[in-house]
Structure formats: C-alpha cells, structure tokens
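Participant: Dropping a structure here in structure tokens format, bear with me for questions.
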C-alpha cells in the first residue's frame, strides 16, 4: 500500500470541541463548526454563554514567533482602547496550542468573537477610516520582543513573482509583463522609501476584516499584519473597491470617504498619499502570489480561471494611474 504525504488536513470539529472544553474555562461547549479553509482554518465555537473563533494556522504558514507577536499586539491594542478581536489564554495561562496534524505541526489560537456584520456604505466607510487612523496612531510606540515578518518588497513582490512563475510557466508573455511591472513598482517605492511612513500595519484592511455593530466596529484577523508602509496598509481598502472593475469605475466614493475620515485623525505626507496607487498594483501582485503559493491546498485550476482578469486589471490600473 502506498502512503503519500499530506499537504493539508481538516481537523475534526468533534475532537476540537473536546479540546476546547479541556483547555479553556469557557463552560459547556455546545458546538464547534468548521467555517472556512482560507489562509488558515477557522472554526466557530459556541458555548452556553458566548461565541468564539478558533484559528488553526496552516503548517509552515506562520511560525511561533509570528503568532506570539500577533497575540501581544492584540493585547496591547485592547489595553489602549482599540476595538479588536483578541486572543484568549488557556487554563495554564498560555495562548498557543500545538497540534500534530498529518502534514506536520500546526498551531491553534482562540479569539473573541467580533459581533456584527460586514457593511459597505458611507457610514461604515466614515467610521472605518476614523478607527484605522486611531489604530495606526496607537501602534506607533508598540514594541515587541517577538520577531515578525516585514511587509516589504521581498514579501510583496519578489516572493510572489517567483511563486507566480512556478505555476504559470506556460504563459511567458504574461510572466514577462509581470516581471517588468514588478521591477518598475520596486523602483518607484525604492525611490521614495525615505519619505514613506513605516510602522505596524494590519496588512489586510480590505473592509471584510471588520464587523459593524450598533454604531461601533471590531477589527479582526491580523494574520497578515506586521511592520510595513502605512500607505500600503491604506491602499488595501482602495484595492478592494476597484479590483475587478473597469477603469471607468476606478473612482470610488467609499474610498474617498474612508481616506478623508482617516486624514482628519492622522495626517499623511504628500509622498505617502501619492504612493497609494502604486501600492494598489503591488497588492494585486501579492494576491496573485498568495494564490499560486497555496495552489497545492486550494487548487491551481480554480485560480487559473482568474489569472487573466488579474493581469487585465493591472494593465488598466497602471495605464489609468500613469504607472509606467
């Protein structure tokens, strides 16, 4: 009998329910439901008193130091009054549980539940911009003893391009375009890097990682966060509002409201503001690399259907924003 290696396994919800009951002081665990297979696996934990989110990190996605950084950052933000979904300690005071899965070691962390829902309207964009600005200000003095990856050009461009090439070697024209564009984007950032604000970033502010509830919000999912350019952090919201659209629809009211609200709380330099369109293109390449890099788990064929659309968007965005 042949016993192949395993790239990814789904941990039993039944066993996780027992694990949560044993490790945490949450009372009776009524349900453990597998919600989604994304960058990590997400489970909804329901007790007789509340709801929680269990995240099981995929093997080799984040190391323990990365996770310790995230946990400490969330605790810091809560202590400063920033509304975030934060990590909960176990009975022994530790936060991380090691799980020996068929594919290797995985880490599990329990988080508070972010009440509410995703909203996309003027009021939510206004509140979101204000709260992101407050979060950036609070994160400025944050210090942590744990190492965390940087959201730099290697993270955003070099590694993604390498990943894209490994999957789409049969599309040499598109690869040549992406390599040329990545080099151009890299030079644009390097030329102004001394004038760009650098600090702790959420890393994934596309608008779906926040829930709105009773005129308040809760940030969650800081898994892509780290030290990076603040202009990049903001660009992710614009990117989420324009990607997949034609250039006739690149002007976006939600983005304008979000940015105006942000700037009332936290000013940014002209250099930072001018760089946002560049970072939108960089974000798209990062996402392409993310999909190809996870193709052994998510499937290469599913993403292949979207590859041409990614390239089309990049060409139109760069043309419209004079990125050449």
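The values are calculated or read from the model by the stated rules, or taken from the named source; none is laboratory data. Just so you know, these numbers come straight off a predicted model, no measurement behind them. As a convention, Cβ positions derive from the backbone with ideal geometry for all residues, glycine included, and neighbour counts pool all protein chains shown.
Participant: Being closer than 19 Å to residue 209 by Cβ, in contact with a strand residue (DSSP E or B) (Cβ under 9 Å, 6 or more places away or on another chain) and crowded, with 20+ Cβ neighbours inside 10 Å: is that true of residue 149 here?
Facilitator: No: the conditions fail for residue 149.
Participant: Quick one: in the stretch 20-43, which of the residues that are without any contact (Cβ under 8 Å) to a residue 24 or more places away in the chain and closer than 28 Å to residue 296 by Cα is surrounded by the most Cβ atoms within 10 Å (Cβ to Cβ)? Even if it seems obvious, please write down each step before you answer.
Facilitator: In the first step, residues of the stretch 20-43 are kept if they are without any contact (Cβ under 8 Å) to a residue 24 or more places away in the chain; the result is 21-22, 27-33, 35-36, 38, 42.
The next check asks that each one be closer than 28 Å to residue 296 by Cα; those that pass are 32-33, 35-36, 38, 42.
On the way: 32: 22, 33: 13, 35: 11, 36: 10, 38: 14, 42: 17.
Once the filter is applied, the top-ranked residue is 32.
Participant: Checking residue 291 against (1) within 22 Å of residue 151 (Cβ to Cβ); (2) part of a helix (DSSP H, G or I); (3) touching a residue at least 40 places away in the same chain (Cβ under 8 Å), which single condition isn't satisfied?
Facilitator: (3)
Participant: Which numbered condition trips up residue 87, out of (1) surrounded by 16 or more Cβ atoms within 10 Å (Cβ to Cβ); (2) in the same structural domain as residue 211 (by TED's automatic domain parsing)?
Facilitator: Here residue 87 meets the rest and fails (2).
Participant: Restrict the check to the stretch 60-78 and report whether at least one residue is surrounded by fewer than 19 Cβ atoms within 10 Å (Cβ to Cβ) and on the phi > 0 side of the Ramachandran plot.
Facilitator: yes
Participant: Within the stretch 124-141, does at least one residue satisfy the condition of being modelled with pLDDT under 95 and outside the structural domain of residue 66 (by TED's automatic domain parsing)?
Facilitator: Residues of the stretch 124-141 modelled with pLDDT under 95: none.
Within the stretch 124-141, none of the residues are modelled with pLDDT under 95 and outside the structural domain of residue 66 (by TED's automatic domain parsing).
Participant: Right, next: Take residue 240 and tell me if it is under 17 Å from residue 153 (Cβ atoms) and under 16 Å from the mean Cα position of the chain (by Cα). Break it down stepwise before answering.
Facilitator: Numbers: under 17 Å from residue 153 (Cβ atoms): no; under 16 Å from the mean Cα position of the chain (by Cα): yes.
Considered against the rule, which asks whether it is under 17 Å from residue 153 (Cβ atoms) and under 16 Å from the mean Cα position of the chain (by Cα), residue 240 comes out as no.
Participant: So, one more: What residue, of 244, 228, is in contact (Cβ under 8 Å) with a residue 12 or more places away in the chain, farther than 20 Å from residue 73 by Cβ and not in a helix (DSSP H, G or I)?
Facilitator: Answer to the check: 244.
Participant: A further question on this structure: Looking at this structure, is residue 96 crowded, with 18+ Cβ neighbours inside 10 Å, under 26 Å from residue 28 (Cβ atoms) and not assigned by TED's automatic domain parsing to the domain that holds residue 290?
Facilitator: no
Let's see how each residue does on (1) over 22 Å from the mean Cα position of the chain (by Cα); (2) within 30 Å of residue 134 (Cα to Cα):
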position: 2; (1), (2): yes, no
position: 17; (1), (2): yes, no
position: 20; (1), (2): yes, no
position: 31; (1), (2): yes, no
position: 35; (1), (2): no, no
position: 43; (1), (2): no, yes
position: 56; (1), (2): no, yes
position: 67; (1), (2): no, yes
position: 76; (1), (2): no, yes
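Participant: For the stretch 10-19, how many residues are under 18 Å from residue 88 (Cβ atoms) and surrounded by 14 or more Cβ atoms within 10 Å (Cβ to Cβ)?
Facilitator: 3
Participant: Looking at this structure, is residue 303 touching a helix residue (DSSP H, G or I) at 6+ places or on another chain (Cβ under 6 Å) and either within 18 Å of residue 166 (Cβ to Cβ) or modelled with pLDDT under 95 (or both)?
Facilitator: Considered against the rule, which asks whether it is touching a helix residue (DSSP H, G or I) at 6+ places or on another chain (Cβ under 6 Å) and either within 18 Å of residue 166 (Cβ to Cβ) or modelled with pLDDT under 95 (or both), residue 303 comes out as yes.
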